[in-house]
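Single-structure report; data block below.
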Amino acid sequence: MIESRPASEPASQHAGQPASQPAGTHQRATFRSDAAPLLLTPDEIGRALRRVSHEILEQLPDLSQVVLLGIPTRGVPLARRIASVIKEFEGIDVPVGSVDVGLYRDDLDYRPTTRLGPTEVPVNLDGRTVVLVDDVLFTGRTIRAALDALADLGRPRNVQLAALVDRGHRQLPIRADYVGKNLPTSVEERVTVQLEETDGTEGVWLERAR
Amino acid sequence: MNHLLSTEYLSATDLTRILNMADEMAEVLDRPIPKVPTLRGKTVGLVFFENSTRTRLSFERAAKALSADTMTFGSQGSSMTKGESLRDTALTLEAIGADLMVVRHYAVGAAHRISEWVDVPVINAGDGTNQHPTQALLDALTLRQRFGKLDGLAVAIVGDIRHSRVARSNVFALNALGAEVTLVAPATLLPTSLEGWPVKVAYHIDEVVEDTDVMYLLRIQAERGGDQVVPSLPEYVSRFGLTEQRYARMSGDSVVLHPGPMNRGVEIAHGVAEAERSLVLSQVRNGVAVRMAVMLTLFGAHHD
(Lines give C-alpha, C1' and ligand atoms only; values in the text may rest on other atoms or scores of the structure.)
Protein backbone atom coordinates (compact mmCIF):
# COMPACT_ATOMS: atom_id res chain seq x y z
CA MET A 1 0.00 0.00 0.00
CA ILE A 2 0.93 3.63 -0.02
CA GLU A 3 3.63 4.61 2.39
CA SER A 4 3.42 8.19 3.53
CA ARG A 5 6.50 9.87 2.19
CA PRO A 6 6.56 13.59 1.62
CA ALA A 7 6.47 14.83 -1.95
CA SER A 8 9.41 17.14 -1.53
CA GLU A 9 12.96 17.19 -2.81
CA PRO A 10 14.64 13.81 -2.59
CA ALA A 11 17.31 13.72 0.06
CA SER A 12 16.79 17.37 0.87
CA GLN A 13 14.84 17.07 4.06
CA HIS A 14 12.44 14.90 6.01
CA ALA A 15 14.68 11.97 5.23
CA GLY A 16 15.71 11.28 8.77
CA GLN A 17 13.06 12.09 11.33
CA PRO A 18 14.77 14.13 14.04
CA ALA A 19 14.25 13.29 17.65
CA SER A 20 11.00 14.70 18.93
CA GLN A 21 11.12 17.77 21.07
CA PRO A 22 8.47 19.52 23.10
CA ALA A 23 6.69 22.33 21.30
CA GLY A 24 7.73 25.83 22.21
CA THR A 25 11.34 25.17 23.20
CA HIS A 26 12.91 27.81 21.04
CA GLN A 27 16.55 27.93 22.10
CA ARG A 28 19.60 27.32 20.02
CA ALA A 29 20.79 24.66 22.46
CA THR A 30 18.07 22.31 21.29
CA PHE A 31 18.92 18.74 22.14
CA ARG A 32 18.96 16.33 19.24
CA SER A 33 20.12 12.77 19.61
CA ASP A 34 21.96 12.76 16.29
CA ALA A 35 23.58 16.12 17.08
CA ALA A 36 22.59 17.68 13.78
CA PRO A 37 23.67 21.34 13.76
CA LEU A 38 20.84 23.83 14.04
CA LEU A 39 21.22 26.22 11.09
CA LEU A 40 18.24 28.48 11.73
CA THR A 41 16.52 29.11 15.03
CA PRO A 42 12.81 29.93 15.17
CA ASP A 43 13.75 33.61 15.59
CA GLU A 44 15.99 33.48 12.54
CA ILE A 45 13.24 31.81 10.53
CA GLY A 46 10.91 34.62 11.60
CA ARG A 47 13.40 37.31 10.57
CA ALA A 48 14.10 35.61 7.23
CA LEU A 49 10.38 35.48 6.47
CA ARG A 50 9.89 39.14 7.38
CA ARG A 51 12.70 40.10 5.04
CA VAL A 52 11.22 37.97 2.25
CA SER A 53 7.84 39.61 2.87
CA HIS A 54 9.33 43.10 2.62
CA GLU A 55 11.15 42.19 -0.57
CA ILE A 56 7.86 40.97 -2.02
CA LEU A 57 6.26 44.31 -1.03
CA GLU A 58 9.04 46.18 -2.80
CA GLN A 59 8.98 44.07 -5.94
CA LEU A 60 5.20 43.78 -6.24
CA PRO A 61 3.60 47.08 -5.28
CA ASP A 62 0.22 46.11 -6.76
CA LEU A 63 -0.71 43.58 -4.08
CA SER A 64 -4.25 43.24 -5.43
CA GLN A 65 -2.86 41.04 -8.18
CA VAL A 66 -0.67 38.81 -5.98
CA VAL A 67 -1.47 35.22 -4.95
CA LEU A 68 0.77 33.18 -2.64
CA LEU A 69 0.74 29.46 -3.40
CA GLY A 70 2.58 27.20 -0.96
CA ILE A 71 3.95 23.85 -2.02
CA PRO A 72 2.80 21.19 0.49
CA THR A 73 3.70 20.29 3.10
CA ARG A 74 5.76 23.10 4.60
CA GLY A 75 5.44 25.68 1.86
CA VAL A 76 1.81 26.19 2.84
CA PRO A 77 2.37 27.47 6.41
CA LEU A 78 5.29 29.55 5.13
CA ALA A 79 2.98 31.20 2.57
CA ARG A 80 0.47 31.92 5.34
CA ARG A 81 3.16 33.52 7.49
CA ILE A 82 4.31 35.73 4.61
CA ALA A 83 0.70 36.76 4.02
CA SER A 84 0.29 37.69 7.68
CA VAL A 85 3.43 39.87 7.62
CA ILE A 86 2.08 41.62 4.51
CA LYS A 87 -1.24 42.09 6.28
CA GLU A 88 0.52 43.55 9.29
CA PHE A 89 2.40 46.15 7.23
CA GLU A 90 0.00 46.95 4.41
CA GLY A 91 -3.35 45.88 5.84
CA ILE A 92 -4.08 43.86 2.71
CA ASP A 93 -5.18 40.24 2.66
CA VAL A 94 -3.22 38.49 -0.05
CA PRO A 95 -4.94 35.24 -1.08
CA VAL A 96 -3.07 32.11 0.00
CA GLY A 97 -3.47 28.65 -1.53
CA SER A 98 -1.51 25.53 -2.23
CA VAL A 99 -0.31 23.72 -5.31
CA ASP A 100 0.65 20.08 -4.92
CA VAL A 101 3.30 18.68 -7.21
CA GLY A 102 2.97 14.97 -6.50
CA LEU A 103 1.10 14.30 -9.74
CA TYR A 104 3.61 16.30 -11.78
CA ARG A 105 6.86 14.79 -10.61
CA ASP A 106 9.10 13.08 -13.14
CA ASP A 107 10.26 10.37 -10.80
CA LEU A 108 7.23 8.11 -10.22
CA ASP A 109 9.36 5.11 -11.11
CA TYR A 110 12.10 6.10 -8.66
CA ARG A 111 10.07 7.38 -5.75
CA PRO A 112 6.86 5.51 -6.30
CA THR A 113 5.17 6.26 -3.01
CA THR A 114 4.84 9.98 -3.58
CA ARG A 115 2.33 11.36 -1.14
CA LEU A 116 -0.25 13.73 -2.48
CA GLY A 117 -1.06 16.99 -0.78
CA PRO A 118 -3.92 19.36 -1.36
CA THR A 119 -4.19 21.77 -4.26
CA GLU A 120 -6.35 24.76 -3.38
CA VAL A 121 -6.42 27.75 -5.65
CA PRO A 122 -8.36 30.54 -3.89
CA VAL A 123 -8.79 32.85 -6.91
CA ASN A 124 -8.66 32.70 -10.68
CA LEU A 125 -4.96 32.84 -11.53
CA ASP A 126 -5.36 34.32 -15.00
CA GLY A 127 -3.41 37.58 -15.27
CA ARG A 128 -2.18 37.49 -11.66
CA THR A 129 1.28 37.32 -10.14
CA VAL A 130 1.78 33.99 -8.41
CA VAL A 131 4.49 33.68 -5.78
CA LEU A 132 5.30 30.01 -5.20
CA VAL A 133 6.52 29.35 -1.66
CA ASP A 134 8.61 26.33 -0.66
CA ASP A 135 10.77 25.48 2.32
CA VAL A 136 13.95 24.24 0.64
CA LEU A 137 15.13 24.98 -2.89
CA PHE A 138 17.51 22.20 -3.95
CA THR A 139 17.58 20.48 -7.35
CA GLY A 140 14.73 22.58 -8.76
CA ARG A 141 12.69 19.54 -9.73
CA THR A 142 9.88 20.34 -7.33
CA ILE A 143 9.62 23.84 -8.78
CA ARG A 144 9.69 22.47 -12.34
CA ALA A 145 6.75 20.24 -11.37
CA ALA A 146 4.97 23.17 -9.70
CA LEU A 147 5.31 25.26 -12.88
CA ASP A 148 3.72 22.43 -14.88
CA ALA A 149 0.91 22.18 -12.34
CA LEU A 150 0.35 25.95 -12.50
CA ALA A 151 0.04 25.82 -16.28
CA ASP A 152 -2.90 23.44 -15.84
CA LEU A 153 -4.53 25.62 -13.18
CA GLY A 154 -4.60 28.90 -15.06
CA ARG A 155 -2.47 31.43 -16.88
CA PRO A 156 -0.75 33.74 -14.40
CA ARG A 157 0.84 36.91 -15.78
CA ASN A 158 4.08 36.01 -14.05
CA VAL A 159 5.35 33.49 -11.55
CA GLN A 160 7.93 34.09 -8.85
CA LEU A 161 9.53 31.85 -6.28
CA ALA A 162 10.19 32.36 -2.58
CA ALA A 163 12.19 29.78 -0.61
CA LEU A 164 13.05 29.77 3.08
CA VAL A 165 16.36 28.05 2.33
CA ASP A 166 18.37 27.81 -0.88
CA ARG A 167 20.89 25.03 -0.47
CA GLY A 168 22.27 25.07 -4.04
CA HIS A 169 22.91 22.03 -6.28
CA ARG A 170 20.40 22.99 -8.95
CA GLN A 171 19.82 20.44 -11.72
CA LEU A 172 17.54 22.71 -13.74
CA PRO A 173 17.69 26.36 -14.83
CA ILE A 174 15.58 27.60 -11.92
CA ARG A 175 16.30 30.36 -9.39
CA ALA A 176 14.43 31.90 -6.49
CA ASP A 177 13.28 35.53 -6.51
CA TYR A 178 13.22 35.68 -2.72
CA VAL A 179 15.49 33.63 -0.46
CA GLY A 180 15.29 33.58 3.32
CA LYS A 181 18.74 32.12 3.77
CA ASN A 182 21.41 30.81 1.42
CA LEU A 183 22.97 27.71 2.95
CA PRO A 184 26.02 26.20 1.31
CA THR A 185 25.70 22.43 1.67
CA SER A 186 27.28 19.29 0.38
CA VAL A 187 25.01 17.25 -1.85
CA GLU A 188 25.20 14.33 0.59
CA GLU A 189 23.88 16.40 3.47
CA ARG A 190 20.22 16.78 4.25
CA VAL A 191 18.49 19.99 5.20
CA THR A 192 15.55 19.37 7.49
CA VAL A 193 12.96 22.09 8.00
CA GLN A 194 10.41 21.80 10.75
CA LEU A 195 7.64 24.27 11.47
CA GLU A 196 5.30 24.65 14.41
CA GLU A 197 2.23 24.26 12.18
CA THR A 198 3.28 20.94 10.68
CA ASP A 199 5.76 19.46 13.14
CA GLY A 200 5.02 21.01 16.51
CA THR A 201 8.61 22.22 16.67
CA GLU A 202 10.62 24.70 14.68
CA GLY A 203 14.07 25.01 13.16
CA VAL A 204 16.29 24.22 10.19
CA TRP A 205 18.88 21.50 10.72
CA LEU A 206 21.74 20.15 8.71
CA GLU A 207 22.00 16.38 8.81
CA ARG A 208 25.17 14.61 7.82
CA ALA A 209 24.96 11.87 5.27
CA ARG A 210 24.70 8.44 6.81
CA MET B 1 -0.68 -3.72 -2.57
CA ASN B 2 0.17 -5.30 -5.92
CA HIS B 3 -3.35 -5.90 -7.23
CA LEU B 4 -6.89 -4.88 -6.35
CA LEU B 5 -8.91 -8.07 -6.57
CA SER B 6 -11.26 -8.00 -3.59
CA THR B 7 -12.31 -5.75 -0.74
CA GLU B 8 -12.39 -8.68 1.66
CA TYR B 9 -8.78 -8.30 2.79
CA LEU B 10 -8.57 -4.50 2.81
CA SER B 11 -8.21 -2.82 6.19
CA ALA B 12 -9.75 0.50 7.17
CA THR B 13 -6.28 2.02 6.69
CA ASP B 14 -5.94 0.64 3.16
CA LEU B 15 -9.40 1.87 2.24
CA THR B 16 -8.92 5.28 3.83
CA ARG B 17 -5.65 5.84 1.98
CA ILE B 18 -7.33 5.16 -1.34
CA LEU B 19 -10.29 7.39 -0.44
CA ASN B 20 -7.95 10.21 0.63
CA MET B 21 -6.13 9.98 -2.66
CA ALA B 22 -9.48 9.88 -4.47
CA ASP B 23 -10.39 13.20 -2.82
CA GLU B 24 -7.32 14.73 -4.45
CA MET B 25 -8.28 13.11 -7.76
CA ALA B 26 -11.76 14.62 -7.53
CA GLU B 27 -10.07 18.01 -7.17
CA VAL B 28 -8.03 17.28 -10.33
CA LEU B 29 -11.24 16.42 -12.21
CA ASP B 30 -12.71 19.80 -11.18
CA ARG B 31 -9.83 21.78 -12.67
CA PRO B 32 -10.12 23.77 -15.88
CA ILE B 33 -7.72 21.23 -17.39
CA PRO B 34 -8.75 17.97 -15.71
CA LYS B 35 -5.64 16.05 -16.62
CA VAL B 36 -2.27 15.45 -14.95
CA PRO B 37 0.88 13.93 -16.48
CA THR B 38 1.56 11.37 -13.74
CA LEU B 39 1.21 8.18 -15.80
CA ARG B 40 2.62 9.51 -19.04
CA GLY B 41 4.13 6.64 -21.02
CA LYS B 42 2.14 3.94 -19.18
CA THR B 43 -0.42 1.82 -20.97
CA VAL B 44 -3.54 0.53 -19.26
CA GLY B 45 -5.08 -2.58 -20.82
CA LEU B 46 -8.85 -2.77 -20.44
CA VAL B 47 -9.78 -6.45 -20.72
CA PHE B 48 -13.52 -6.87 -20.87
CA PHE B 49 -14.95 -10.36 -21.27
CA GLU B 50 -18.38 -9.16 -20.24
CA ASN B 51 -20.51 -6.27 -21.44
CA SER B 52 -19.98 -3.04 -19.59
CA THR B 53 -20.49 0.59 -20.40
CA ARG B 54 -20.08 2.68 -17.30
CA THR B 55 -17.24 0.71 -15.75
CA ARG B 56 -15.20 0.55 -18.95
CA LEU B 57 -15.73 4.22 -19.76
CA SER B 58 -14.96 5.17 -16.18
CA PHE B 59 -11.64 3.29 -16.17
CA GLU B 60 -10.82 4.75 -19.57
CA ARG B 61 -11.50 8.28 -18.39
CA ALA B 62 -9.48 7.64 -15.21
CA ALA B 63 -6.48 6.35 -17.17
CA LYS B 64 -6.62 9.26 -19.60
CA ALA B 65 -6.96 11.88 -16.85
CA LEU B 66 -3.64 10.51 -15.54
CA SER B 67 -2.17 10.71 -19.08
CA ALA B 68 -1.89 6.93 -19.48
CA ASP B 69 -2.68 5.38 -22.84
CA THR B 70 -5.41 2.77 -23.01
CA MET B 71 -5.98 -0.28 -25.13
CA THR B 72 -9.25 -2.10 -24.98
CA PHE B 73 -9.78 -5.80 -25.43
CA GLY B 74 -13.37 -6.94 -25.89
CA SER B 75 -14.21 -10.61 -26.15
CA GLN B 76 -16.54 -9.99 -29.09
CA GLY B 77 -14.66 -10.07 -32.37
CA SER B 78 -11.42 -11.17 -30.69
CA SER B 79 -9.36 -14.32 -30.83
CA MET B 80 -11.31 -15.55 -27.78
CA THR B 81 -13.91 -16.56 -30.35
CA LYS B 82 -11.17 -18.60 -32.05
CA GLY B 83 -10.60 -20.63 -28.90
CA GLU B 84 -7.75 -18.71 -27.26
CA SER B 85 -7.38 -19.39 -23.56
CA LEU B 86 -7.70 -16.72 -20.87
CA ARG B 87 -4.03 -17.19 -20.02
CA ASP B 88 -2.86 -16.72 -23.60
CA THR B 89 -5.00 -13.62 -23.97
CA ALA B 90 -3.56 -12.12 -20.80
CA LEU B 91 0.05 -12.92 -21.72
CA THR B 92 -0.50 -11.49 -25.19
CA LEU B 93 -1.78 -8.23 -23.78
CA GLU B 94 1.16 -8.02 -21.43
CA ALA B 95 3.56 -8.70 -24.32
CA ILE B 96 1.95 -5.97 -26.40
CA GLY B 97 2.75 -3.58 -23.59
CA ALA B 98 0.06 -3.31 -20.94
CA ASP B 99 1.60 -1.87 -17.75
CA LEU B 100 -1.60 -2.50 -15.80
CA MET B 101 -4.67 -4.61 -16.58
CA VAL B 102 -8.27 -3.92 -15.73
CA VAL B 103 -10.21 -7.17 -15.99
CA ARG B 104 -13.97 -7.71 -16.23
CA HIS B 105 -15.00 -11.34 -16.63
CA TYR B 106 -18.18 -13.40 -16.24
CA ALA B 107 -16.34 -16.09 -14.27
CA VAL B 108 -15.55 -15.86 -10.55
CA GLY B 109 -11.80 -15.63 -9.96
CA ALA B 110 -10.79 -14.62 -13.49
CA ALA B 111 -8.93 -11.48 -12.44
CA HIS B 112 -7.25 -13.41 -9.64
CA ARG B 113 -6.02 -16.07 -12.09
CA ILE B 114 -4.70 -13.43 -14.48
CA SER B 115 -2.84 -11.76 -11.61
CA GLU B 116 -0.95 -15.02 -11.09
CA TRP B 117 0.12 -15.18 -14.73
CA VAL B 118 1.22 -11.65 -15.48
CA ASP B 119 3.85 -9.41 -13.88
CA VAL B 120 1.78 -6.22 -14.02
CA PRO B 121 -0.83 -5.00 -11.53
CA VAL B 122 -4.37 -6.25 -12.08
CA ILE B 123 -7.59 -4.50 -11.09
CA ASN B 124 -10.69 -6.64 -10.81
CA ALA B 125 -13.45 -4.70 -12.55
CA GLY B 126 -16.00 -7.39 -11.74
CA ASP B 127 -15.66 -11.18 -11.77
CA GLY B 128 -18.96 -12.98 -12.11
CA THR B 129 -20.94 -12.85 -8.87
CA ASN B 130 -17.82 -12.44 -6.74
CA GLN B 131 -16.26 -8.98 -6.37
CA HIS B 132 -16.25 -5.48 -7.86
CA PRO B 133 -13.92 -3.61 -5.51
CA THR B 134 -13.76 -0.23 -7.27
CA GLN B 135 -17.56 -0.01 -7.06
CA ALA B 136 -17.41 -0.45 -3.28
CA LEU B 137 -14.68 2.19 -3.08
CA LEU B 138 -16.66 4.72 -5.08
CA ASP B 139 -19.71 4.05 -2.92
CA ALA B 140 -17.62 4.57 0.21
CA LEU B 141 -16.26 7.82 -1.25
CA THR B 142 -19.77 9.03 -2.08
CA LEU B 143 -20.98 8.27 1.44
CA ARG B 144 -17.92 9.83 3.06
CA GLN B 145 -18.46 13.03 1.08
CA ARG B 146 -22.08 13.13 2.23
CA PHE B 147 -21.78 12.04 5.86
CA GLY B 148 -18.14 12.89 6.66
CA LYS B 149 -17.49 9.37 7.90
CA LEU B 150 -18.88 5.87 7.54
CA ASP B 151 -18.45 4.84 11.14
CA GLY B 152 -21.85 4.01 12.62
CA LEU B 153 -23.76 4.54 9.39
CA ALA B 154 -26.74 2.20 8.87
CA VAL B 155 -26.68 0.84 5.32
CA ALA B 156 -29.42 -1.36 3.86
CA ILE B 157 -28.51 -3.25 0.70
CA VAL B 158 -31.74 -4.28 -0.97
CA GLY B 159 -32.30 -6.66 -3.87
CA ASP B 160 -30.54 -9.49 -5.66
CA ILE B 161 -27.70 -10.00 -3.18
CA ARG B 162 -27.09 -13.55 -4.35
CA HIS B 163 -25.86 -12.59 -7.80
CA SER B 164 -24.32 -9.27 -6.81
CA ARG B 165 -20.56 -8.73 -6.77
CA VAL B 166 -21.37 -5.15 -5.81
CA ALA B 167 -23.05 -6.37 -2.62
CA ARG B 168 -20.12 -8.67 -1.74
CA SER B 169 -17.54 -5.94 -2.24
CA ASN B 170 -19.64 -3.41 -0.36
CA VAL B 171 -20.39 -5.62 2.64
CA PHE B 172 -16.71 -6.04 3.46
CA ALA B 173 -15.58 -2.51 2.58
CA LEU B 174 -18.42 -0.81 4.45
CA ASN B 175 -17.96 -3.08 7.45
CA ALA B 176 -14.23 -2.37 7.58
CA LEU B 177 -15.01 1.36 7.63
CA GLY B 178 -17.42 0.93 10.53
CA ALA B 179 -20.82 0.97 8.80
CA GLU B 180 -23.57 -1.43 9.89
CA VAL B 181 -24.92 -3.36 6.92
CA THR B 182 -28.34 -4.98 6.67
CA LEU B 183 -29.14 -7.14 3.67
CA VAL B 184 -32.77 -6.96 2.57
CA ALA B 185 -33.96 -9.59 0.09
CA PRO B 186 -36.23 -12.56 -0.40
CA ALA B 187 -34.53 -15.71 0.87
CA THR B 188 -34.18 -16.91 -2.72
CA LEU B 189 -32.03 -13.87 -3.59
CA LEU B 190 -29.68 -14.25 -0.64
CA PRO B 191 -26.49 -16.31 -0.88
CA THR B 192 -26.89 -19.93 0.26
CA SER B 193 -24.64 -19.19 3.22
CA LEU B 194 -23.97 -15.92 4.97
CA GLU B 195 -21.37 -17.44 7.24
CA GLY B 196 -18.57 -14.94 7.84
CA TRP B 197 -20.60 -12.01 6.49
CA PRO B 198 -20.73 -9.16 9.00
CA VAL B 199 -24.38 -8.35 8.29
CA LYS B 200 -27.91 -8.42 9.59
CA VAL B 201 -30.74 -9.69 7.39
CA ALA B 202 -34.29 -8.44 6.82
CA TYR B 203 -36.97 -9.88 4.56
CA HIS B 204 -39.06 -6.78 3.92
CA ILE B 205 -37.90 -3.28 2.97
CA ASP B 206 -40.41 -1.80 5.44
CA GLU B 207 -38.31 -3.26 8.28
CA VAL B 208 -35.50 -0.81 7.49
CA VAL B 209 -37.06 2.06 5.56
CA GLU B 210 -37.40 4.46 8.50
CA ASP B 211 -34.14 3.65 10.27
CA THR B 212 -31.56 3.39 7.55
CA ASP B 213 -29.15 6.17 6.62
CA VAL B 214 -28.41 4.63 3.25
CA MET B 215 -30.76 2.69 0.99
CA TYR B 216 -28.56 0.84 -1.49
CA LEU B 217 -30.67 -0.72 -4.24
CA LEU B 218 -29.67 -3.52 -6.59
CA ARG B 219 -31.42 -4.71 -9.73
CA ILE B 220 -32.54 -8.29 -10.22
CA GLN B 221 -29.89 -9.90 -12.42
CA ALA B 222 -31.99 -11.72 -15.00
CA GLU B 223 -28.86 -12.70 -16.95
CA ARG B 224 -27.71 -14.70 -13.94
CA GLY B 225 -31.15 -16.22 -13.24
CA GLY B 226 -32.30 -13.75 -10.60
CA ASP B 227 -35.69 -13.37 -12.26
CA GLN B 228 -36.35 -17.11 -12.02
CA VAL B 229 -36.64 -17.08 -8.24
CA VAL B 230 -39.02 -14.14 -7.87
CA PRO B 231 -42.71 -15.07 -8.20
CA SER B 232 -43.68 -11.84 -9.99
CA LEU B 233 -42.32 -8.33 -10.38
CA PRO B 234 -45.38 -6.66 -8.78
CA GLU B 235 -44.96 -8.88 -5.74
CA TYR B 236 -41.23 -8.07 -5.62
CA VAL B 237 -41.96 -4.36 -5.81
CA SER B 238 -44.53 -4.62 -3.04
CA ARG B 239 -41.96 -6.07 -0.62
CA PHE B 240 -38.60 -4.75 -1.85
CA GLY B 241 -39.13 -1.84 -4.24
CA LEU B 242 -38.24 1.69 -3.12
CA THR B 243 -41.47 3.39 -4.10
CA GLU B 244 -42.05 7.11 -3.74
CA GLN B 245 -44.27 6.42 -0.72
CA ARG B 246 -41.45 4.56 1.01
CA TYR B 247 -38.92 7.22 0.02
CA ALA B 248 -41.15 9.78 1.73
CA ARG B 249 -40.95 7.75 4.95
CA MET B 250 -37.13 7.72 4.96
CA SER B 251 -35.30 10.11 7.26
CA GLY B 252 -34.51 13.56 5.89
CA ASP B 253 -30.75 12.93 6.07
CA SER B 254 -30.84 9.54 4.40
CA VAL B 255 -29.67 8.90 0.85
CA VAL B 256 -30.34 6.47 -1.98
CA LEU B 257 -27.56 4.71 -3.88
CA HIS B 258 -27.71 2.45 -6.93
CA PRO B 259 -24.74 1.02 -8.84
CA GLY B 260 -26.64 0.97 -12.14
CA PRO B 261 -27.98 -0.10 -14.47
CA MET B 262 -31.31 0.88 -12.88
CA ASN B 263 -34.55 -0.89 -13.65
CA ARG B 264 -36.88 2.02 -12.99
CA GLY B 265 -40.25 0.95 -11.65
CA VAL B 266 -38.84 -2.24 -10.17
CA GLU B 267 -36.25 -1.81 -7.41
CA ILE B 268 -36.36 1.99 -7.69
CA ALA B 269 -39.31 4.16 -8.64
CA HIS B 270 -38.68 6.70 -11.39
CA GLY B 271 -39.33 9.60 -9.04
CA VAL B 272 -36.90 8.22 -6.46
CA ALA B 273 -34.13 7.82 -9.03
CA GLU B 274 -34.54 11.52 -9.83
CA ALA B 275 -35.05 12.61 -6.23
CA GLU B 276 -32.90 15.07 -4.36
CA ARG B 277 -31.37 12.49 -2.03
CA SER B 278 -30.56 10.05 -4.84
CA LEU B 279 -26.78 10.09 -5.25
CA VAL B 280 -26.68 7.92 -8.36
CA LEU B 281 -24.87 10.46 -10.52
CA SER B 282 -22.44 11.36 -7.73
CA GLN B 283 -21.54 7.68 -7.59
CA VAL B 284 -20.78 7.68 -11.31
CA ARG B 285 -18.67 10.85 -11.01
CA ASN B 286 -16.78 9.50 -8.01
CA GLY B 287 -16.03 6.32 -9.92
CA VAL B 288 -13.51 8.14 -12.09
CA ALA B 289 -11.70 9.66 -9.08
CA VAL B 290 -11.57 6.35 -7.22
CA ARG B 291 -10.20 4.49 -10.24
CA MET B 292 -7.51 7.13 -10.69
CA ALA B 293 -6.55 6.66 -7.05
CA VAL B 294 -6.43 2.87 -7.41
CA MET B 295 -4.26 3.04 -10.53
CA LEU B 296 -1.82 5.42 -8.84
CA THR B 297 -1.71 3.22 -5.77
CA LEU B 298 -0.93 0.14 -7.81
CA PHE B 299 1.73 1.84 -9.89
CA GLY B 300 3.29 3.16 -6.72
CA ALA B 301 3.46 -0.08 -4.83
CA HIS B 302 4.41 -2.06 -7.88
CA HIS B 303 7.71 -0.26 -8.30
CA ASP B 304 8.62 -0.42 -4.66
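The values are calculated or read from the model by the stated rules, or taken from the named source; none is laboratory data. What you see is a predicted model; the values in this text were computed from it and never measured. Here Cβ is always computed from backbone atoms with ideal geometry, including for glycine, and neighbour counts include all displayed protein chains.
Each residue in the stretch B:15-38 was checked for being more than 9 Å from every other protein chain (Cβ to nearest Cβ) and under 16 Å from the mean Cα position of the chain (by Cα), and 3 pass.
Only a single item in (1) part of a loop (DSSP other than H, G, I, E, B); (2) in contact with a strand residue (DSSP E or B) (Cβ under 9 Å, 6 or more places away or on another chain); (3) within 14 Å of chain A (Cβ to nearest Cβ); (4) in contact (Cβ under 8 Å) with a residue 60 or more places away in the chain is not met by B:MET1, and it is number (2).
Only one of the numbered conditions (1) assigned by TED's automatic domain parsing to the domain that holds B:HIS163; (2) touching a strand residue (DSSP E or B) at 6+ places or on another chain (Cβ under 8 Å) is violated by B:ARG264, and that is (2). Any residue at all in the stretch B:215-226 that's among the charged types (D, E, K, R), over 14 Å from B:ASP160 (Cα atoms), in the same structural domain as B:ASP151 (by TED's automatic domain parsing) and out of contact with any helix residue (DSSP H, G or I) (no Cβ under 9 Å at 6 or more places or on another chain)? Looking through the stretch B:215-226, none of the residues is among the charged types (D, E, K, R), over 14 Å from B:ASP160 (Cα atoms), in the same structural domain as B:ASP151 (by TED's automatic domain parsing) and out of contact with any helix residue (DSSP H, G or I) (no Cβ under 9 Å at 6 or more places or on another chain). Among all positions in the stretch A:175-190, there is no residue which is under 28 Å from A:VAL123 (Cβ atoms) and in contact with a Phe, Trp or Tyr (Cβ under 8 Å, 6 or more places away or on another chain). Filtered by the rule that a residue be out of contact with any Leu (no Cβ under 9 Å at 6 or more places or on another chain) and not in a loop (DSSP other than H, G, I, E, B), the stretch B:4-49 gives B:THR13, B:ASP14, B:ARG17, B:GLU27, B:LEU29, B:LEU46, B:PHE48. Here B:LEU150 clears all of (1) within 27 Å of B:GLY225 (Cα to Cα); (2) in a loop (DSSP other than H, G, I, E, B) except the condition numbered (1).
With respect to B:THR7, determine if the residue is of a type in the set (Val, Ile, Thr), more than 9 Å from every other protein chain (Cβ to nearest Cβ) and over 19 Å from the mean Cα position of the chain (by Cα). No. For the stretch B:202-209, the criterion of a residue being surrounded by 15 or more Cβ atoms within 10 Å (Cβ to Cβ) and either in contact with an Asp or Glu (Cβ under 6 Å, 6 or more places away or on another chain) or closer than 21 Å to B:ASN130 by Cβ (or both) is satisfied by no position. Only residues that are closer than 30 Å to B:VAL28 by Cβ and buried (at least 18 other Cβ atoms within 10 Å of the Cβ) were counted in the stretch A:167-190, giving 2. The residue that is surrounded by the most Cβ atoms within 10 Å (Cβ to Cβ), counting only those in the stretch B:4-38 that are touching a residue at least 60 places away in the same chain (Cβ under 8 Å) and of a type in the set (Ser, Thr, Tyr), is B:THR7. If you filter the stretch B:170-196 down to residues that are over 24 Å from B:GLU210 (Cβ atoms) and under 19 Å from the mean Cα position of the chain (by Cα), you find that the one that is surrounded by the most Cβ atoms within 10 Å (Cβ to Cβ) is B:ALA173.
Inspect the stretch A:9-19 for any residue being within 26 Å of A:GLU189 (Cα to Cα), assigned to a loop (DSSP other than H, G, I, E, B) and either within 14 Å of chain B (Cβ to nearest Cβ) or at pLDDT 90 or above (or both) and give the result as yes or no. Scanning the stretch A:9-19 turns up no residue that is within 26 Å of A:GLU189 (Cα to Cα), assigned to a loop (DSSP other than H, G, I, E, B) and either within 14 Å of chain B (Cβ to nearest Cβ) or at pLDDT 90 or above (or both).
If you check B:GLY41, B:GLY45 for being crowded, with 20+ Cβ neighbours inside 10 Å, modelled with pLDDT of 90 or more, farther than 23 Å from A:GLY117 by Cα and over 18 Å from the mean Cα position of the chain (by Cα), only one passes: B:GLY45.
Residue-by-condition table, conditions (1) of a type in the set (A, V, I, L, M); (2) crowded, with 19+ Cβ neighbours inside 10 Å; (3) more than 17 Å from B:VAL208 (Cα to Cα):
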{"site": "B:ALA248", "(1), (2), (3)": "yes, no, no"}
{"site": "B:VAL256", "(1), (2), (3)": "yes, yes, no"}
{"site": "B:GLY265", "(1), (2), (3)": "no, no, yes"}
{"site": "B:GLY271", "(1), (2), (3)": "no, no, yes"}
{"site": "B:LEU281", "(1), (2), (3)": "yes, no, yes"}
{"site": "B:LEU296", "(1), (2), (3)": "yes, yes, yes"}
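With respect to the stated conditions, A:PRO95 fails to be modelled with pLDDT under 95, over 20 Å from A:THR201 (Cβ atoms), surrounded by fewer than 22 Cβ atoms within 10 Å (Cβ to Cβ) and more than 14 Å from chain B (Cβ to nearest Cβ). Among the residues of the stretch A:64-89, those identified as outside any loop (DSSP other than H, G, I, E, B), in contact with a helix residue (DSSP H, G or I) (Cβ under 6 Å, 6 or more places away or on another chain) and of a type outside the set (Val, Ile, Thr) are A:LEU68, A:GLY70, A:PRO77, A:ARG81.
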